[in-house]
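What follows is one structure encoded as structure tokens, with my remarks underneath.
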Amino acid sequence: MEKKFRRAERKIEKLTIRYPELLKKDTINDTIKITIPQVQVDTIFNSTDGDTVTLFKDRLRVQYVRQGDTVYLSGECQADTIYQTISIPVEQVVVRKETILEQIEKHSKRLIWLFVILAILYVAIRIIWKFIKPL
């Protein structure tokens, strides 16, 4: 089976080299969803002066909280989804469907020869029947 498959591939390759109009160039567009996970980090350290401070920028949030002589610092980056579209060029072999008239034209020689052979057989049987019947 694999041998037949390779042979068919070689034939298609030779045909497409000889007749490049058999190849139809097309592009497939695919959208990929890329998810960036949320990142969150907490830390605690000692400080002398301070207050509660919260910073926001785009997806980033940093909060600085001072409680007595302890400082609580937390940072968070929101999760995000990115959609990326990729274009992939593809070549396809064009297969043309034959109409009934084209099929008849293609097989007309065979049909004519079939009718000629049938006519010759009919005549031969009639002649043989004439010689056999009188006996």
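The values are calculated or read from the model by the stated rules, or taken from the named source; none is laboratory data. On a predicted model such as this, the values are computed, not experimentally measured, just so you know. Don't worry about glycine lacking a Cβ; one is built from the backbone with ideal geometry, like all the others, and counts go over all protein chains shown.
Out of the residues in segment 14-38 meeting the condition of being within 20 Å of the chain's Cα centre (by Cα) and free of Cβ contacts under 8 Å to residues at least 60 places away in the same chain, tell me which one is farthest from Gln92 (Cα to Cα).
Among those that are within 20 Å of the chain's Cα centre (by Cα) and free of Cβ contacts under 8 Å to residues at least 60 places away in the same chain, it is Lys33.
Check whether at least one residue in segment 93-106 is under 29 Å from Thr16 (Cβ atoms), under 46 Å from the mean Cα position of the chain (by Cα) and either aromatic (Phe, Trp, Tyr) or in a strand (DSSP E or B) (or both), and report yes or no.
Yes; the residues of segment 93-106 include at least one that is under 29 Å from Thr16 (Cβ atoms), under 46 Å from the mean Cα position of the chain (by Cα) and either aromatic (Phe, Trp, Tyr) or in a strand (DSSP E or B) (or both).
Has segment 42-51 got at least one residue that is in contact with a Lys or Arg (Cβ under 7 Å, 6 or more places away or on another chain), of a type outside the set (Gly, Ala, Ser) and loosely packed, with under 10 Cβ neighbours inside 10 Å?
Filtering segment 42-51 down to residues in contact with a Lys or Arg (Cβ under 7 Å, 6 or more places away or on another chain) leaves 47, 50-51.
Still in the running and of a type outside the set (Gly, Ala, Ser): 51.
If we keep only those that are loosely packed, with under 10 Cβ neighbours inside 10 Å as well, we get 51.
Yes: segment 42-51 contains one or more residues that are in contact with a Lys or Arg (Cβ under 7 Å, 6 or more places away or on another chain), of a type outside the set (Gly, Ala, Ser) and loosely packed, with under 10 Cβ neighbours inside 10 Å.
Under 6 Å by Cβ, and 6 or more places apart or on different chains, what pairs join a residue from segment 75-88 that is under 18 Å from Asp58 (Cα atoms) and at pLDDT 90 or above with one that is in a loop (DSSP other than H, G, I, E, B) and of a type in the set (Phe, Trp, Tyr)?
Close Cβ pairs (under 6 Å, with a partner that is in a loop (DSSP other than H, G, I, E, B) and of a type in the set (Phe, Trp, Tyr)) do not exist here.
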